[in-house]
Amino acid sequence: MRLLLIHADRIEYEVKGKTKFAEEIKESAKKGEMDEVLTAFISIESIDEKNPEEVADKAIDEIRDVAQKVKADNVMLYPYAHLSDDLGSPETSMEILKNLELGLKEEFNVDRAPFGWYKSFEISCKGHPLSELSRRITPSEEKEKETTAIEAEEKAKSSFYILDLNGDLHAPETFNFSEHKNLEKFYIHEFSRRRTSDKVPPHVPLMRREEIADYEPASDPGNMRYYPKGRLIKSLLEDYVLERCMEDGAMEVETPIMYDTAHPALKEYLKRFPARRYEINSEKKKLFLRFSACFGQFLMNKDMTISYRNLPLKMVEMTRYSFRKEKRGELTGLRRLRSFTMPDMHTICYDMREAMEEFKRQYRLSMDLLDDIGLKKEDYEVAIRFTRGFYDENKEFIRELVETIKKPVLIEIWEERFFYFVLKFEFNFIDALDKASALSTVQIDVENAERYGIKFVDKDGSDKFPIILHCSPSGAIERVMYALLEKGTMEDIPTLPTWLSPTQIRIIPINEEDLDYAEEIYEKIKISGIRGDIDDRDETLGRKIRDAEMEWIPYIAVIGDREKKNRNLSVTMRKKKEREEINIGDLLTIIKSETEDLPMKRLSLPYKLSMRAKFV
RNA sequence: GCCUCGAUGGCUCAGUUGGCAGAGCGGCUGACUUGUAAUCAGCAGGUCGAGGGUUCAAAUCCCUCUCGAGGCUCCA
């Protein structure tokens, strides 16, 4: 509905003739006039047909609101088709107009000009700032779409338990959390889903100060910019996670980031994230941006010829990006974004038995991979969620998962399956403000093979539907960065794993004359593929050390006359919290052993600090 | 979407009762040549988010709008 609101000293009208939609009116309604009046010119549009009652209610609120502000006691409702080029049906329009009249009658003197007549009118607008306003009112868009997923979730009755190392299931209320503080925080986070904290998460100022990532005001909220250091860390993580998946047998693929909303196979799946899509209106199609690589890979799988001999069959994509239009207030720093980079791996399995084997394997893979990234099992809590039916048949299997992580886990049991999976786990990071967010996750999907028509040929030549695993072994890469930064803020001496440190060795010459030696050392570092840089700025030693410490640089090498003479370095080892006299060869060996088998990339900034511009 | 808070130099922020727009950091220039977490001095830098109103006078009070942050909810 389009509204044009005019606060007028006076309006008067007179009907001149019928259109073919004209409503029946009494002789007395053929003329009308009002003084000190808020006149609402109204066009009802086709989109309003979706929910005429809601539109009428909203319009009543709007008109009432304005009328109160301008202190008008009289309201003239004036049907006026010329505000829109996409009009609703006359029937709906009449219905809405009558509702408006009824709804406003209690508080105002209301007159309604007849619908469907040619009319002449005269109006004198007051001309103050609020005297002319236009408004557009539309029915809330996602009303229908949302229902399925949300109703399903509400219907899904679930109960929480703690499963300990002995395989005993405890009610959380009676479980002794004293040795498992983080698990308790996680449970509270999951169960109560309610905490208030008006603090900015510590990683937010940190990501800016360290020139890692930042908000980009010119984009949509939740779309970040990454500075060279941030891009380097992110890129290393992306490479690493992808490499581990491929090592585990996954084939890397690439799929489109946008899809047609009208595609039949996608329709149902879209309900998973109701009202959370970024939409793009192309000429004829209504496209949406992917929120994972599921569609892309499933559509590819559907067209493949897959034999039982090819199973388990894995595909992976580092989705840069996946998009979810989260509500504005849900977005926070790097924890929750609207565009994010997520590794998405799918495994096509012969049957449930094979799916469970793979599930276990990917559970271990996720643990192992987070460990290399610098997130130890003390840093996250495990949730395993499944249906009652699955548990009754697979108690031992669940117990093994607990044994693998060697600590109690949170269990959620659903009375019935309400979505596409029967079993999932997540590793949840607990941050400095006691908030939990999911990192790694694997789900066993029993529904999508059939929905997408993904089949394999079995030994006997018959087509079968496989079971499909969804796996994000690290979770979103940005979220991994958030976890690393948050973890740092909880420690006395925060560190990043050496392989992820933007600068691995900082060389600090004491005097200008030491620059030659600094360059010589730098060359050796560079040749060995390690990231080193030189603080050649005209600053005091104390200042240079401080800046290096604030950057969490794992090895800070000071060189002066002494070191030059002894051909060695005075190195502050951040992790060991001590200083050592060491020669460059030995230092490189130490760093190599720490970064073995992990991705290496060159320095992302000029190696001389005097050459570096400031980003923040 | 709802609630709360905010927007002043590149960054972080101060600005009293409405009365000449400030500081620290960063930048630039110069001095200093330093031994393990901030050397000193000088200079430059502002349409106080936008529009309107009140007033002799608005960063400050009022209205509208825009943008941002946190929370609720949700998730990778």
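Structure above, values below:
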item	result
Subset of region A:376-404 (residues that are under 27 Å from the mean Cα position of the chain (by Cα) and of a type in the set (A, V, I, L, M))	A:V382, A:A383, A:I384
Unique match (being charged (D, E, K, R) and either part of a strand (DSSP E or B) or near RNA strand B (Cβ under 10 Å from one of its atoms) (or both)) among A:K576, A:K592, A:K601, A:K614	A:K614
Checklist (1) open to solvent by less than 50 Å² (accessible area, probe 1.4 Å); (2) outside the structural domain of A:G333 (by TED's automatic domain parsing); (3) not in a loop (DSSP other than H, G, I, E, B) applied to A:K267, failing item	(1)
One residue from A:T341, A:T319, A:T305 being out of contact with any Leu (no Cβ under 9 Å at 6 or more places or on another chain), in the same structural domain as A:L485 (by TED's automatic domain parsing), part of a strand (DSSP E or B) and of a type outside the set (A, V, I, L, M)	A:T319
Candidates A:M315, A:M304 - the one that is under 26 Å from the mean Cα position of the chain (by Cα), more than 16 Å from RNA strand B (Cβ to nearest atom) and farther than 26 Å from A:L183 by Cα	A:M315
Failed item, numbered, when A:T495 is tested on (1) over 30 Å from A:S610 (Cβ atoms); (2) out of contact with any helix residue (DSSP H, G or I) (no Cβ under 6 Å at 6 or more places or on another chain); (3) of a type in the set (S, T, N, Q); (4) in contact (Cβ under 8 Å) with a residue 12 or more places away in the chain	(1)
Matching residues, region A:320-335, being under 19 Å from A:C471 (Cα atoms) and near RNA strand B (Cβ under 6 Å from one of its atoms)	A:R324
Filtered residues of region A:590-616 (kept if free of Cβ contacts under 8 Å to residues at least 40 places away in the same chain and surrounded by 14 or more Cβ atoms within 10 Å (Cβ to Cβ))	A:I590, A:R612
Selection status of A:E581, farther than 20 Å from A:R231 by Cβ, outside any helix (DSSP H, G or I), open to solvent by 60 Å² or more (accessible area, probe 1.4 Å) and not basic (K, R)	yes
Region A:230-239, subset in contact with a Pro (Cβ under 7 Å, 6 or more places away or on another chain) and surrounded by 21 or more Cβ atoms within 10 Å (Cβ to Cβ), residue nearest to A:D368 (Cα to Cα)	A:L236
Region A:336-362, residues that are farther than 19 Å from A:L242 by Cβ, within 16 Å of RNA strand B (Cβ to nearest atom) and buried (at least 22 other Cβ atoms within 10 Å of the Cβ)	A:L337, A:R338, A:F359
Among residues of region A:1-57, those that are closer than 15 Å to A:S89 by Cβ and part of a strand (DSSP E or B), counted	3
Qualifying residue in region A:80-93 (condition: of a type in the set (G, A, S), assigned to a helix (DSSP H, G or I), crowded, with 20+ Cβ neighbours inside 10 Å and within 16 Å of RNA strand B (Cβ to nearest atom))	no
Which listed residue, of A:E33, A:E27, A:E12, A:E54, is open to solvent by 30 Å² or more (accessible area, probe 1.4 Å) and either farther than 20 Å from A:L104 by Cβ or of a type in the set (S, T, Y) (or both)	A:E27
Selection status of A:K31, modelled with pLDDT under 85 and among the basic types (K, R)	no
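Each row is one residue, and each column tells you yes or no for (1) of a type in the set (S, T, N, Q); (2) outside the structural domain of A:P599 (by TED's automatic domain parsing).
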{"residue": "A:S440", "(1), (2)": "yes, yes"}
{"residue": "A:K455", "(1), (2)": "no, yes"}
{"residue": "A:E478", "(1), (2)": "no, yes"}
{"residue": "A:G532", "(1), (2)": "no, no"}
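The values are calculated or read from the model by the stated rules, or taken from the named source; none is laboratory data. Predicted, not measured: the structure shown is a model, and the values here were computed from it. Because the Cβ atoms are built from the backbone with ideal geometry, glycine has one as well, and the counts that use them run over all protein chains shown. All accessible areas refer to the heavy atoms of the entire protein, side chains included, with ligands and DNA or RNA removed. Shrake-Rupley method; radii C 1.70, N 1.55, O 1.52, S 1.80 Å.
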